[in-house]
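**Student:** I'd like to ask some things about the structure below.
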Amino acid sequence: MTNNQILRRLRYAFDLNDQKMIQIFAHAEVTVTRAEVSDWLKKDDDSAFLPLPDIALAAFLNGLIIERRGKKEGEQPPVERKLTHNIVFRKLKIALDLKDDDILALLQLADFKLSKHELSAFFRRVDHPHYRACQDQVLRNFIHGVQLKFRASSEE
């Protein structure tokens, strides 16, 4: 999954309009324009499409954490310059205040089965012997599960 696909899916899952997305970026002290957001959300084959850099997606995810959980005291964590699916997954877990069972339930909503041991491997340090890289299908199904839960509850 590309950064743009992740941003598009999160926008849909949380039913965010352009103004709300700009506000989420602002929580992470990043200023973006409506045109930038629009170009990042365009399909890959659109001539106005702009690839979303890792640092911008990391800022959006940090802003989402602040939006959903509030700003933490003291110095804010630095924005990552290089993102992996594992980092994206961890940031979403933090933003939504999810425990392992909650994540497994969201994956189950998307008809994707994963054991607790497999899940915990995604959140380990990279140098840990049982660390496992998060693949596209896991992140895609997790975001789909988030969409099924959070978008459905916002439409009721």
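**Student:** Name every residue in region 104-156 that is out of contact with any Phe, Trp or Tyr (no Cβ under 7 Å at 6 or more places or on another chain), aliphatic (A, V, I, L, M) and within 20 Å of L83 (Cβ to Cβ), in order of residue number.
**Tutor:** L119, V126, A133, V138, I143, V146
**Student:** Still on this structure, please answer the following. Restricted to region 24-41, and to residues that are touching a residue at least 24 places away in the same chain (Cβ under 8 Å) and not aromatic (F, W, Y), which residue is surrounded by the most Cβ atoms within 10 Å (Cβ to Cβ)? Break it down into steps so the answer makes sense when it comes.
**Tutor:** Residues of region 24-41 touching a residue at least 24 places away in the same chain (Cβ under 8 Å): 24-30, 32, 40-41.
If we keep only those that are not aromatic (F, W, Y) too, we end up with 24, 26-30, 32, 41.
Numbers: I24: 26, A26: 15, H27: 19, A28: 20, E29: 12, V30: 17, V32: 17, L41: 18.
Checking each candidate, the answer is I24.
**Student:** Taking V37 as the residue in question, decide whether it is modelled with pLDDT of 95 or more and in contact with a helix residue (DSSP H, G or I) (Cβ under 6 Å, 6 or more places away or on another chain). Steps first, please.
**Tutor:** Details: modelled with pLDDT of 95 or more: yes; in contact with a helix residue (DSSP H, G or I) (Cβ under 6 Å, 6 or more places away or on another chain): yes.
Spelling it out, V37 is indeed modelled with pLDDT of 95 or more and in contact with a helix residue (DSSP H, G or I) (Cβ under 6 Å, 6 or more places away or on another chain).
**Student:** Residues that are crowded, with 19+ Cβ neighbours inside 10 Å, more than 15 Å from the chain's Cα centre (by Cα) and without any contact (Cβ under 8 Å) to a residue 12 or more places away in the chain: list the helices (runs of 4 or more DSSP H) wholly contained in region 51-128 that include at least 1 such residues.
**Tutor:** Numbers: elements: 54-69, 85-95, 100-109, 116-122.
Filter on region 51-128 gives an empty set.
The values are calculated or read from the model by the stated rules, or taken from the named source; none is laboratory data. Computed from a predicted model, the values in this text were never measured in an experiment. Every residue, glycine among them, receives a Cβ derived from its backbone with ideal geometry; neighbour counts consider all protein chains shown.
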